[in-house]
1. Using only protein heavy atoms and a 1.4 Å probe, report how much of residue 102 is accessible, in Å² to the nearest 10.
2. Given that compact globular proteins tend to follow 2.2 N^0.38 Å, what is the ratio of the alpha-carbon Rg of the stretch 12-136 to that value?
3. For the stretch 183-272, report the accessible area per residue in Å² (1.4 Å probe, heavy atoms, rounded to an integer).
4. Can you work out the Karplus-derived ³J(HN,Hα) for every residue in the stretch 240-247? Use 6.51 cos²θ - 1.76 cosθ + 1.60 with θ = phi - 60°, whole Hz, and x for glycine or proline.
5. Which residue fluctuates most in the GNM of the chain (Cα springs below 10 Å): 95, 161, 286?
6. What is the distance, in nm, between label points placed 7 Å from the Cα along the Cα-to-Cβ direction at residue 232 and at residue 2?
7. Which of 135, 109, 303 ends up with the largest GNM mean-square fluctuation for the chain, with Cα atoms connected below 10 Å?
8. Suppose we take every Cα in the chain and form the convex hull; what volume per residue is that in Å³?
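The values are calculated or read from the model by the stated rules, or taken from the named source; none is laboratory data. These figures come from a predicted structure and were not determined experimentally. When we count neighbours, we look across all protein chains shown, and the Cβ atoms used for this are built from the backbone with ideal geometry, even at glycine. Accessible surface is based on the protein model in full, side chains and every heavy atom, while ligands, DNA and RNA are left aside. Shrake-Rupley method; radii C 1.70, N 1.55, O 1.52, S 1.80 Å.
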Amino acid sequence: MSHTPVLIVGAGPTGLMLACQLARHGVEFRIVDGKAGPTRESRALGVQARTLELFDAMGIAAEAVTQGRATFAGNIYVGRRRVQRIPLGDIGQAVTPFPYLLILEQSRNEALLYQTLRAAGRDVEWQTSLADLRNEDATGAVATLRHADGRSETLHCDWLVGCDGARSPVREQLGLPFSGGTYENAFYVADTRVDWALPHGELTVCLSSETFVVFFPMPGEQRYRVIGTLPRDAGGDAPVLRFEDIEAAVRAQMDIEVRFGETAWFSSYRVHHRCVERLRAGHCFVAGDAAHVHSPVGAQGMNTGLQDVCNLAWKLALVVQGCARDDLLDSYHAERWPVAQQLLKTTDSAFQFIISPNPLVRAFRLHVFPRIAARVMARPAVRKRLFRVISQTGFITETAACRKARASRRRLRR
Ligand SMILES: Cc1cc2nc3c(=O)[nH]c(=O)nc-3n(C[C@H](O)[C@H](O)[C@H](O)COP(=O)(O)OP(=O)(O)OC[C@H]3O[C@@H](n4cnc5c(N)ncnc54)[C@H](O)[C@@H]3O)c2cc1C
């Protein structure tokens, strides 16, 4: 039986970030993924300020900012009227060196992290899947890996981290319940060209009587990520749905005149809101989508996974290197689980609010909300708090165990 101190299952953004962090701290590990290489799909695209602060510590923030597009303001339209403008740049200046939302597709984030990992002399074992897992509380976990050539390998790992996405085989094999639900509405995402009379380059949320459409400005002229709920009966009998099939229905959902151009990427999917009850089971952990999934409305998903593993990595490094007791690792759950819960609650409430067909909620959304929002958002303290929540800079918590381990952590930094 082979052995590794740490096995990372999954090399999406969460697994790649964990690998980069462990490499930085000089920890031996293996990272496997069933795919042939990093994703080429655009997928998640909002990089929040807290993630950029972490990228900065790794020396890759400048490259991320060069490749992406910074969005300094968000606008909310109800019908044809702009009811709110949120100047992220002004509000966030006192909070972070990155007072904006960076738009950088998941594929490019993964490429950046993968480059960083390879520059540290480490690599992912692609086309290698976890086939079976036994969590042996006293000594670690025993994983069965299936390699590309069909070979099977039994691997003893002192620690195992499941960064293996929403369907997480690790979570399944550990028997961790993933409670929550699935939204009735299906989402679509389209990276496309937008023509309209509104100013370009800012985040735009359009609320109508029925639903919402969000536009994230992407790198390139008049390029946007458009997200919304799939119009009912959209696409008719199309065997493979394309954005062209639903364009007319999307335009009909909005009160603002818009024309769409060529579409680079389109996908539709159902969204779940679920979370595990524990992030740790003996010598195994789950992180990222394997631990929590929620609606993409606040552009939080990928960021939360990246921050989960930054929290876990330095603690694992101290434990693996014999500088801390393994109960330090309990603070991963204590610090990150409440963040996942809060995110689930806020993204769920926001989503229910903008989608609810209830006539009272709808009337509130269209007629009362704009006035309340204008009054509340005029207060600097409220704006700052909102920025901290959205940018995830307000989520940094530390348990007493972590404060005690801080001195050892400083020794880790190289
Ligand atoms: C179509 C689509 C659009 C999205 N749009 C948005 C968006 O606009 N905004 C947003 O915030 N989020 C969005 N998301 C969600 C976002 O992509 C996820 O939050 C993010 O990818 C989570 O990263 P992760 O690394 O935790 O999991 P994943 O990216 O799912 O990575 C998991 C990895 O584990 C690997 N794996 C799985 N099982 C095994 C196994 N048995 N053995 C080895 N490897 C395994 C997989 O191959 C994969 O590479 C979208 C997702 C999809 C599918």
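1. Looks like 0 Å² after rounding.
2. That works out to 1.31 for the stretch 12-136.
3. About 45 Å² of surface per residue is accessible.
4. 10, 5, 10, 4, 3, 5, 10, 3
5. Looking only at 95, 161, 286, the biggest GNM fluctuation is shown by 95.
6. 5.4 nm
7. In the Gaussian network model the winner is 135.
8. Hull volume over Cα atoms, normalised by residue count, gives 148 Å³.
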